[in-house]
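Report on one structure; see the data block that follows.
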Amino acid sequence: MNELLNHVQEQWALALGLVVGFPLLLVALNELGFALARAGRPVASSVRFIRTWVVPLVALSFFLRWVVLLPGTSLSVRLTETLCWATAIVAIMGLVNNLVFESARQGTWQSKVPGLLRDLLRLVLVAIGMAMVYSFVWGYEIQGAIAALGVTSIVVGLALQEPLGNLFSGLVLLMERPFEVGETIEVGTVSGEVKEINWRSAHIEALGGAIQIVPNSKLNKETILNWSRPRPIRMELVDVAFSYQDPPYKVRQALTELLLQTEGVLKSPKPIVATLSYGEFSIKYRVIYRTAEQDRWPVKNELVTRFWYMAKRHGFTMPYPVHVELQHQQERPFRAAPPEAADQLAQFPRLPEIPSEDRARTRTLTFGAGERLFDEGDDLDGVYFVVSGVVSLQMITDGQANEIATIQAGEFCGETGMHGHQAADMRAVALEDTAVVVIAPDVVRHLFEASPRLARETGHTLEVHRKALQSARTALRRH
């Protein structure tokens with residue numbers, strides 16, 4: 001009688017402990033999960049999983065075995081214990097994944113382990129755990145299940161040839177490691193940054209932002225170009241054509257100068273400009289340069305845009321096939337001649353008219369935004385008069401440009417060229433599409449002699465620029 005009473009008391013104690021401890025544990029896990037989520041910790045998802053699935057199933061299994069006293073061979077007990085072990089295995093693997101891999105700092109070995117490898121390890125561990133549950137909870141021999149599984153796997157393998165092909169192709173890629181997440185690759189017609197690698201495919205973000213999903217089987221068959229190895233530098237080739245009237249050596253020199261002035265083009269190794277071929281109506285040139293992978297498209301866009309401005313400055317022609325109908329009665333020219341440099345100066349009333357004998361000693365140059373009119377130390381053979389646009393005058397310090405002043409249309413710059421071939425003491429950069437007229441030194445002196453007022457105003461402006469440059473250099477020496 002006493003033993004029965006003690007047994008009943010133990011059952012009630014266990015039941016009371018379960019009734020009190022189970023809600024308290026749920027509340028504690030719930031608060032812990034919220035705290036981890038607010039802190040942005042990946043382990044919060046595992047804590048929520050344990051609270052939602054593992055703890056209730058453990059409590060139910062405890063209740064059936066030790067409170068209700070059902071035998072271990074009962075179907076309800078076995079099902080409950082199976083679910084309990086299965087969720088516990090998943091929870092443990094989730095905790096390990098979150099603590100070891102998801103919380104790892106960038107650059108550590110944990111952060112470099114591919115997701116495909118982690119998925120395969122989880123799959124193997126789940127299979128081993130379920131085999132143990134099959135043996136210890138249900139009491140069956142594993143050998144028989146393995147034999148049955150072998151026969152079933154043949155049927156499943158035939159039905160799932162393509163997914164399994166992707167899986168094993170992913171394993172081959174995992175061993176070779178031709179690319180990793182974050183690298184830029186090109187596979188066939190697909191190119192972009194690798195965002196994800198899983199058991200079936202690789203997700204590649206194209207330039208426009210679209211995600212392209214490439215199966216692993218295709219990756220295993222195609223040639224993969226990895227633009228991020230051995231270093232994220234890309235070689236670009238751009239073809240451009242100019243007229244037969246433009247001397248090739250002058251064209252190549254102008255293109256080389258343009259490359260060296262374009263921001264983002266690497267100076268080492270030095271860019272190359274080659275005469276590629278002679279076409280039906282033009283000479284084709286190939287520009288070869290290197291740039292950082294992330295700057296590839298912005299640099300190419302800027303460079304191709306500047307081809308036009310460079311051609312305008314040097315008087316080169318970029319020909320294209322045209323059809324012209326000739327009429328012998330026509331007296332006027334087929335195309336209106338562009339205005340001469342002296343005619344462009346005539347739109348500014350404060351400038352005296354340039355005599356006819358001096359008109360040939362002026363020339364017009366056109367620059368795009370960001371292009372340099374001249375650099376510090378360049379040999380100037382004249383004074384620059386801004387016809388349109390805005391120009392920034394800059395002092396170069398340790399490779400950094402510091403703006404001294406900006407000049408608008410109707411103002412002079414490059415005053416050192418007033419004394420013949422002299423080195424520029426600052427850099428001039430176009431802030432927008434800009435046209436300038438380069439005036440020979442003696443023509444400038446004639447203009448100042450004809451208009452003392454123009455000489456005074458220009459001298460005052462140039463003196464302001466000179467003082468600003470001196471002040472900047474003095475401040476630099478003090479620092």
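The values are calculated or read from the model by the stated rules, or taken from the named source; none is laboratory data. No experiment lies behind these values; they were computed from the predicted model shown. Cβ coordinates were reconstructed from backbone atoms using ideal geometry, including for glycine residues, and neighbour counts include every protein chain displayed. Each accessible area value is taken on the protein alone, full model and side chains, heavy atoms only, with ligands, DNA and RNA left out. Shrake-Rupley method; radii C 1.70, N 1.55, O 1.52, S 1.80 Å.
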R359 meets each of (1) touching a strand residue (DSSP E or B) at 6+ places or on another chain (Cβ under 9 Å); (2) at pLDDT 85 or above; (3) of a type outside the set (F, W, Y) with one exception, condition (1)
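Matching residues to (1) at pLDDT 85 or above; (2) under 28 Å from V124 (Cβ atoms):
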{"site": "A35", "(1), (2)": "yes, no"}
{"site": "G40", "(1), (2)": "no, no"}
{"site": "V58", "(1), (2)": "no, yes"}
{"site": "V67", "(1), (2)": "no, no"}
{"site": "P71", "(1), (2)": "no, no"}
{"site": "L75", "(1), (2)": "no, no"}
{"site": "C84", "(1), (2)": "yes, yes"}
{"site": "A104", "(1), (2)": "no, yes"}
{"site": "G107", "(1), (2)": "no, yes"}
Determine whether the range 183-194 contains at least one residue that is touching a strand residue (DSSP E or B) at 6+ places or on another chain (Cβ under 8 Å), open to solvent by 40 Å² or more (accessible area, probe 1.4 Å) and closer than 22 Å to R372 by Cβ. no
Quick one: is E403 part of a strand (DSSP E or B), surrounded by 13 or more Cβ atoms within 10 Å (Cβ to Cβ) and among the charged types (D, E, K, R)? yes
Out of V90, V27, report the one residue that is free of Cβ contacts under 8 Å to residues at least 60 places away in the same chain and over 20 Å from V133 (Cα atoms). V27
For the range 259-318, which residues satisfy the criterion of being more than 13 Å from I233 (Cβ to Cβ), touching a Phe, Trp or Tyr at 6+ places or on another chain (Cβ under 8 Å) and β-branched (V, I, T)? I272, V273, T275, I283, T317
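Would you check which residues across the range 269-281 are modelled with pLDDT of 90 or more and either closer than 13 Å to H314 by Cβ or in a loop (DSSP other than H, G, I, E, B) (or both) and list them? Break it down stepwise before answering.
First, pick out the residues of the range 269-281 that are modelled with pLDDT of 90 or more: 270-278.
Within the range 269-281, K270, P271 qualify.
When the range 282-300 is examined, which residues are found to be part of a helix (DSSP H, G or I) and either among the basic types (K, R) or within 27 Å of Q245 (Cα to Cα) (or both)?
Taking the range 282-300 and keeping what is part of a helix (DSSP H, G or I), we get 293-300.
The answer is R296, K300.
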Of the residues E449, E457, E432, E463, which is open to solvent by 40 Å² or more (accessible area, probe 1.4 Å) and in a loop (DSSP other than H, G, I, E, B)? E432
Of the residues that make up the range 387-394, is at least one touching a residue at least 40 places away in the same chain (Cβ under 8 Å), open to solvent by 10 Å² or more (accessible area, probe 1.4 Å) and among the hydrophobic types (A, V, I, L, M, F, W, C)? yes
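Okay, residues lined up against (1) touching a residue at least 40 places away in the same chain (Cβ under 8 Å); (2) farther than 14 Å from D381 by Cα:
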{"residue": "H419", "(1), (2)": "no, no"}
{"residue": "Q422", "(1), (2)": "yes, no"}
{"residue": "A435", "(1), (2)": "yes, yes"}
{"residue": "P441", "(1), (2)": "yes, no"}
{"residue": "R453", "(1), (2)": "yes, yes"}
{"residue": "T458", "(1), (2)": "yes, yes"}
The range 119-134 residues that are touching a residue at least 12 places away in the same chain (Cβ under 8 Å), paired with ones that are open to solvent by 80 Å² or more (accessible area, probe 1.4 Å) (beta carbon under 6 Å, 6 or more apart): D119/W199; V133/W85
Starting from residues that are assigned to a loop (DSSP other than H, G, I, E, B) and touching a helix residue (DSSP H, G or I) at 6+ places or on another chain (Cβ under 6 Å), keep the ones in the range 21-73 and report whichever is least open to solvent (accessible area, probe 1.4 Å). V43
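Mind counting the residues in the range 420-455 that are farther than 19 Å from L345 by Cβ and more than 40 Å from the chain's Cα centre (by Cα)?
Of the range 420-455, the ones farther than 19 Å from L345 by Cβ are 420-427, 429, 431-432.
If we keep only those that are more than 40 Å from the chain's Cα centre (by Cα) as well, we get 420-422.
Selection size over the range 420-455: 3.
Go through the range 186-238 and report how many residues are out of contact with any helix residue (DSSP H, G or I) (no Cβ under 8 Å at 6 or more places or on another chain) and either among the basic types (K, R) or closer than 30 Å to V273 by Cβ (or both). Walk me through how you get there before you give the answer.
Within the range 186-238, the subset out of contact with any helix residue (DSSP H, G or I) (no Cβ under 8 Å at 6 or more places or on another chain) is 186, 189-195, 203-206, 208-214, 218, 221-226, 229-231, 235, 237.
Checking which are either among the basic types (K, R) or closer than 30 Å to V273 by Cβ (or both) leaves us with 186, 189, 191-192, 195, 218, 221, 223, 225-226, 229-231, 235, 237.
Number of matching residues: 15.
Of all residues in the range 373-386, count the ones that are part of a strand (DSSP E or B) and surrounded by fewer than 17 Cβ atoms within 10 Å (Cβ to Cβ).
Going through the range 373-386, the residues part of a strand (DSSP E or B) turn out to be 373-374, 379-380, 383-386.
If we keep only those that are surrounded by fewer than 17 Cβ atoms within 10 Å (Cβ to Cβ) as well, we get 379.
Number satisfying all stated conditions: 1.
I'm trying to understand the selection: among the residues of the range 348-372, which are hydrophobic (A, V, I, L, M, F, W, C) and touching a Phe, Trp or Tyr at 6+ places or on another chain (Cβ under 6 Å)?
Applying the first criterion (hydrophobic (A, V, I, L, M, F, W, C)) to the range 348-372 yields 348, 351, 354, 360, 365, 367, 369.
Residue satisfying the conditions is F367 alone.
Mind listing whichever residues of the range 233-268 are assigned to a loop (DSSP other than H, G, I, E, B) and surrounded by fewer than 14 Cβ atoms within 10 Å (Cβ to Cβ)? Lay out the reasoning, then the answer.
At the first step, the residues of the range 233-268 found to be assigned to a loop (DSSP other than H, G, I, E, B) are 243-247, 262-268.
Of everything in the range 233-268, those that are assigned to a loop (DSSP other than H, G, I, E, B) and surrounded by fewer than 14 Cβ atoms within 10 Å (Cβ to Cβ) turn out to be Y244, Q245, P247, E263, K267, S268.
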